[in-house]
Amino acid sequence: ASVSPTVAEETPPQQIDAFYGQLLDRVRAMPGITAATSTYSPPLAGNGFRMTLIEEGEPEVGDGGRSVATVIVRDDYFRTMGIPLLAGRVFDTSDRLQSVHVAVVNETMARQFWPGQDPVGKQLVHTGGIDGSVGSVDRAFFPREPYTVVGVVGDTRDQDLGRPPGPTWYRPHTQLTWAHQYLVIATQPNAGNIAGPLRELVWSLDPTVAVATIRTLDSQLTESVALPRFRTLMFGSFAVVACLLSAIGVYSVIALSVVHRQREIGIKLALGADTARVVRQTMGSGGRMVATGAALGLGVALVGARFLSSMLYEVTPTDPLTFLLVLVTVGGIALAACFVRAVRAGRVDPAQSLRHD
């Protein structure tokens with residue numbers, strides 16, 4: 001579950017820290033709760049932001065540096081979210097306002113900033129650049145002193161499931177004390193509806209605190225992929241219609257071709273050609289048209305698919321399996337239509353076709 005309690009912005013940092021610490025202790029003691037933490041940027045909520053960072057000792061030019069996704073969390077965040085620790089340590093109660101500023105980086109950031117090196121113990125400096133949901137925050141809120149990397153964790157897709165994980169660093173909420181935080185709570189399967197008890201718990205600590213939303217991460221996931229699912233359904237429907245139209249079109253073209261060759265077929269049958277030969281010739285003629293159309297369609301698809309790359313998830317625009325399945329499906333439907341018309345052509349009455357001419 002994700003719960004968003006917001007403390008008044010003018011509240012002193014120490015009081016904000018104490019409130020969230022006390023709230024999390026009470027939440028963890030509730031029946032059915034297995035873990036609880038808080039973060040400014042819960043997964044797939046769309047309120048992430050980025051900061052520009054350089055390694056300690058690099059020359060600083062304006063707001064230059066590498067743009068890195070920033071996630072503010074409290075202790076126990078990585079265990080609650082199931083994010084593995086790969087090196088070093090995660091945040092703990094020793095990371096406070098007065099202690100050394102620390103950070104945890106994800107695997108991608110460690111690989112990009114320190115390839116082939118151990119990131120633990122390295123230092124980063126914020127150059128001043130901020131963009132995203134906190135672009136209006138006073139830059140003095142983020143200290144310019146070095147941040148020491150204390151751990152490396154696994155990659156996640158917090159903002160967009162359709163994009164590969166990018167460089168991300170995590171800062172402890174206890175060193176920033178942001179007033180707006182989301183509680184992230186893991187429950188047992190039979191915990192039931194915890195929304196009411198959670199609201200009462202927050203208001204029992206401070207009735208002036210606003211609880212904006214309470215929702216499950218499953219519902220957040222569903223909402224985040226609603227548009228891609230709609231696009232998939234829409235394009236899938238178009239694909240089915242295209243297959244049907246291609247089958248109807250091929251059948252109509254073959255039927256018209258047979259009508260134009262009706263006298264020729266009648267003469268062949270009258271001179272002793274067997275039905276199987278007529279079927280083979282008709283199938284051959286239709287097969288050539290299908291092959292020509294498939295080749296042209298494949299070329300157009302290879303060019304057009306690149307314009308749909310932003311709508312694809314873990315599939316390349318030129319995925320060979322996808323093209324093979326489409327060719328087999330459309331080609332199979334077209335050849336089946338050819339076969340039906342070819343069999344009818346083999347049953348033409350020679351006398352009737354010659355009289356008709």
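Gly286: part of a helix (DSSP H, G or I) and touching a Leu at 6+ places or on another chain (Cβ under 8 Å), yes or no? Before you say what the answer is, go through the steps one by one.
Working: part of a helix (DSSP H, G or I): yes; touching a Leu at 6+ places or on another chain (Cβ under 8 Å): yes.
So Gly286 passes the test.
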Can you tell me which of Gly162, Gly196, Gly166, Gly192 is farther than 17 Å from Gln15 by Cα and either at pLDDT 85 or above or surrounded by 22 or more Cβ atoms within 10 Å (Cβ to Cβ) (or both)? Gly166
Return a yes/no flag: does the range 124-134 have any residue that is closer than 23 Å to Val105 by Cβ and either modelled with pLDDT of 85 or more or in contact with a Pro (Cβ under 7 Å, 6 or more places away or on another chain) (or both). yes
Go through the range 99-119 and give me each residue that's of a type outside the set (A, V, I, L, M, F, W, C) and not in a loop (DSSP other than H, G, I, E, B). Asn106, Glu107, Thr108, Arg111, Gln112
Would you point out the residue of the range 259-281, among those that are under 21 Å from Ile248 (Cα atoms) and at pLDDT 75 or above, that is least open to solvent (accessible area, probe 1.4 Å)? Val279
What pairs come out if I take residues in the range 39-56 that are within 19 Å of Leu124 (Cβ to Cβ) and in contact (Cβ under 8 Å) with a residue 60 or more places away in the chain and pair them with residues that are of a type in the set (S, T, N, Q) and assigned to a loop (DSSP other than H, G, I, E, B) whose C-beta lies under 7 Å away, six or more apart or interchain? Tyr40/Gln181; Ser41/Asn47; Gly48/Ser41; Gly48/Ser133; Gly48/Gln159; Phe49/Ser133
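Only one of Val149, Val102 is touching a Lys or Arg at 6+ places or on another chain (Cβ under 7 Å) and either of a type in the set (Lys, Arg) or modelled with pLDDT of 75 or more (or both); which? Give the steps one after another, and end with the answer.
Working: Val102 fails: touching a Lys or Arg at 6+ places or on another chain (Cβ under 7 Å).
None of the other options fit; the residue is Val149.
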Can you name the residue in the range 224-258 that is without any contact (Cβ under 8 Å) to a residue 24 or more places away in the chain and over 26 Å from Thr322 (Cβ atoms) and is also most open to solvent (accessible area, probe 1.4 Å) among such residues? Leu256
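Does Ala36 satisfy the criteria of being touching a helix residue (DSSP H, G or I) at 6+ places or on another chain (Cβ under 6 Å) and either crowded, with 16+ Cβ neighbours inside 10 Å or of a type in the set (S, T, N, Q) (or both)? Full working, then the answer.
Numbers: touching a helix residue (DSSP H, G or I) at 6+ places or on another chain (Cβ under 6 Å): yes; either crowded, with 16+ Cβ neighbours inside 10 Å or of a type in the set (S, T, N, Q) (or both): yes.
Here the answer is yes, as Ala36 does meet what is asked.
The values are calculated or read from the model by the stated rules, or taken from the named source; none is laboratory data. If you're wondering where the values come from, they're calculated on a predicted model, not measured in any experiment. Note that we place each Cβ from the backbone using ideal geometry, even for glycine, and neighbour counts take in every protein chain shown. Please note that ligands, DNA and RNA were not included when accessible areas were found on the heavy atoms of the full protein model with its side chains. Shrake-Rupley method; radii C 1.70, N 1.55, O 1.52, S 1.80 Å.
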